[in-house]
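The values are calculated or read from the model by the stated rules, or taken from the named source; none is laboratory data. Computed from a predicted structure; not experimentally measured. With ideal geometry, Cβ positions are generated from the backbone for all residues, glycine too; neighbour counts draw on all protein chains shown.
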């Protein structure tokens, strides 16, 4: 069971009260403002300026939230790319040996799609989560990362995960947000991945939570927080062995490079093309998104990360 350190709380505040307060700060209006700034083709060849502008926007929003920001650069396709990293540290600024929690979303698109669901939705949720958590007292570090070039074999997250493993970075858990803005309440709106060993509802209004065995406890804690603080968000969870290689569709985002080097990692997703008819198409636009659903997803993530940041195992 997590051990709560009472010294981290103001007098009269319980952990549950703090979580409820942070969850209540999430609004559809703020998510929509981020989406308006991000949605549009963001690709190194077809729209390089927009790709750079998205990285700048993430940088500016992290700094506005009070995070420490750095860029993790890498070369690909003749283009200088960057992962944008915003970090929360403890009050004393002491980070040595402390485990990391990472929340990440890729900000690039395929060449022909404005990428509202894939993946402006993930970026918007990440930015609002960062804003909501930035001033918490906490025992460890929380990082927020905008990854570049996910659509190109997850190059940005692969560079980051390999460097993290080589340097011995102590990552307690990584969460990749991959298409978290599309939902439908119609029967038959959800396709089933036939190879999966669990039943999948045929109504596309749930959040998928997919993890490796190393992330089984992380998955359980996320599902618990979501169930307690956002009970009207259906969640369908799955742990996949062998870094998801037996179920290739579970590897299609920035969590997979972390699986490959043995870190605990989750993907949170609306299941992308198994639900959204506009996936990777020109029709993946802001007006197709479900903002109430996005807000619920954000609240669940905030509840989980606040609880994780203010407790220790």
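Quick one: is residue 225 touching a helix residue (DSSP H, G or I) at 6+ places or on another chain (Cβ under 6 Å) and at pLDDT 95 or above?
yes
Among (1) out of contact with any helix residue (DSSP H, G or I) (no Cβ under 8 Å at 6 or more places or on another chain); (2) farther than 24 Å from residue 309 by Cα; (3) outside any loop (DSSP other than H, G, I, E, B), which single condition is residue 57 missing?
Unmet condition: (1).
Looking only at segment 51-62, which residues are in contact (Cβ under 8 Å) with a residue 12 or more places away in the chain and either surrounded by fewer than 16 Cβ atoms within 10 Å (Cβ to Cβ) or within 17 Å of residue 143 (Cβ to Cβ) (or both)? Walk me through it before giving the result.
Applying the first criterion (in contact (Cβ under 8 Å) with a residue 12 or more places away in the chain) to segment 51-62 yields 51, 54-55, 57-59, 61-62.
Result: 55, 58, 59, 61, 62.
Is it true that residue 303 is part of a helix (DSSP H, G or I), modelled with pLDDT under 95 and crowded, with 18+ Cβ neighbours inside 10 Å? Break it down into steps so the answer makes sense when it comes.
On the way: part of a helix (DSSP H, G or I): yes; modelled with pLDDT under 95: no; crowded, with 18+ Cβ neighbours inside 10 Å: yes.
It is false that residue 303 is part of a helix (DSSP H, G or I), modelled with pLDDT under 95 and crowded, with 18+ Cβ neighbours inside 10 Å.
I'd like to know if segment 113-124 contains one or more residues that are on the phi < 0 side of the Ramachandran plot, modelled with pLDDT of 95 or more, in a loop (DSSP other than H, G, I, E, B) and touching a strand residue (DSSP E or B) at 6+ places or on another chain (Cβ under 6 Å). Even if it seems obvious, please write down each step before you answer.
First pass over segment 113-124, keeping only residues on the phi < 0 side of the Ramachandran plot: 113-114, 116-124.
Among the residues that remain, those that are also modelled with pLDDT of 95 or more are: 113-114, 116-124.
Pick out the ones that are also in a loop (DSSP other than H, G, I, E, B) and you get 113-114.
Imposing the further condition that a residue be touching a strand residue (DSSP E or B) at 6+ places or on another chain (Cβ under 6 Å) reduces the set to none.
The answer is no; no qualifying residue exists.
On the basis of being out of contact with any helix residue (DSSP H, G or I) (no Cβ under 7 Å at 6 or more places or on another chain) and either crowded, with 24+ Cβ neighbours inside 10 Å or under 23 Å from residue 161 (Cα atoms) (or both), does residue 252 make the cut? Break it down stepwise before answering.
On the way: out of contact with any helix residue (DSSP H, G or I) (no Cβ under 7 Å at 6 or more places or on another chain): yes; either crowded, with 24+ Cβ neighbours inside 10 Å or under 23 Å from residue 161 (Cα atoms) (or both): yes.
Considered against the rule, which asks whether it is out of contact with any helix residue (DSSP H, G or I) (no Cβ under 7 Å at 6 or more places or on another chain) and either crowded, with 24+ Cβ neighbours inside 10 Å or under 23 Å from residue 161 (Cα atoms) (or both), residue 252 comes out as yes.
Which condition number in (1) over 23 Å from residue 22 (Cβ atoms); (2) not in a helix (DSSP H, G or I) is the one that residue 209 fails?
(1)
When you go through 213, 199 one by one, which is the residue that is under 24 Å from residue 237 (Cα atoms), surrounded by fewer than 18 Cβ atoms within 10 Å (Cβ to Cβ) and free of Cβ contacts under 8 Å to residues at least 12 places away in the same chain?
Values: 213 fails: free of Cβ contacts under 8 Å to residues at least 12 places away in the same chain.
After ruling out the rest, the residue left standing is 199.
So how many residues does segment 244-271 have that are without any contact (Cβ under 8 Å) to a residue 24 or more places away in the chain and in a helix (DSSP H, G or I)?
2
So which residues in segment 109-142 are closer than 26 Å to residue 48 by Cβ and surrounded by fewer than 22 Cβ atoms within 10 Å (Cβ to Cβ)? Quick ask: steps written out before the conclusion?
Taking segment 109-142 as the starting set, the residues that turn out to be closer than 26 Å to residue 48 by Cβ are 109-127, 130.
Once the filter is applied, which keeps residues that are closer than 26 Å to residue 48 by Cβ and surrounded by fewer than 22 Cβ atoms within 10 Å (Cβ to Cβ), segment 109-142 yields 110, 111, 112.
Could you check segment 21-32 and list, in sequence order, the residues that are part of a helix (DSSP H, G or I), more than 17 Å from residue 105 (Cα to Cα) and under 20 Å from the mean Cα position of the chain (by Cα)?
Once the filter is applied, which keeps residues that are part of a helix (DSSP H, G or I), more than 17 Å from residue 105 (Cα to Cα) and under 20 Å from the mean Cα position of the chain (by Cα), segment 21-32 yields 22, 23, 24, 28, 29, 30.
For residue 169, only one of the following conditions fails: (1) surrounded by 22 or more Cβ atoms within 10 Å (Cβ to Cβ); (2) within 30 Å of residue 63 (Cα to Cα). What is its number?
Going through (1) surrounded by 22 or more Cβ atoms within 10 Å (Cβ to Cβ); (2) within 30 Å of residue 63 (Cα to Cα) one by one, residue 169 breaks only (1).
Scan segment 281-291 and give yes if some residue there is touching a strand residue (DSSP E or B) at 6+ places or on another chain (Cβ under 9 Å), at pLDDT 95 or above and assigned to a loop (DSSP other than H, G, I, E, B), otherwise no. Steps first, please.
Just the residues of segment 281-291 that are touching a strand residue (DSSP E or B) at 6+ places or on another chain (Cβ under 9 Å), to begin with: none.
No, the conditions are met nowhere in segment 281-291.
Residues to consider are 154, 179; find the one that is under 21 Å from residue 76 (Cβ atoms), modelled with pLDDT of 95 or more, touching a helix residue (DSSP H, G or I) at 6+ places or on another chain (Cβ under 6 Å) and crowded, with 24+ Cβ neighbours inside 10 Å.
Values: 179 fails: under 21 Å from residue 76 (Cβ atoms).
Just one listed residue meets the conditions, 154.
Pick out the one residue from 62, 74 that is in contact with a strand residue (DSSP E or B) (Cβ under 7 Å, 6 or more places away or on another chain), at pLDDT 95 or above and part of a strand (DSSP E or B). Outline the logic, then answer.
On the way: 62 fails: part of a strand (DSSP E or B).
None of the other options fit; the residue is 74.
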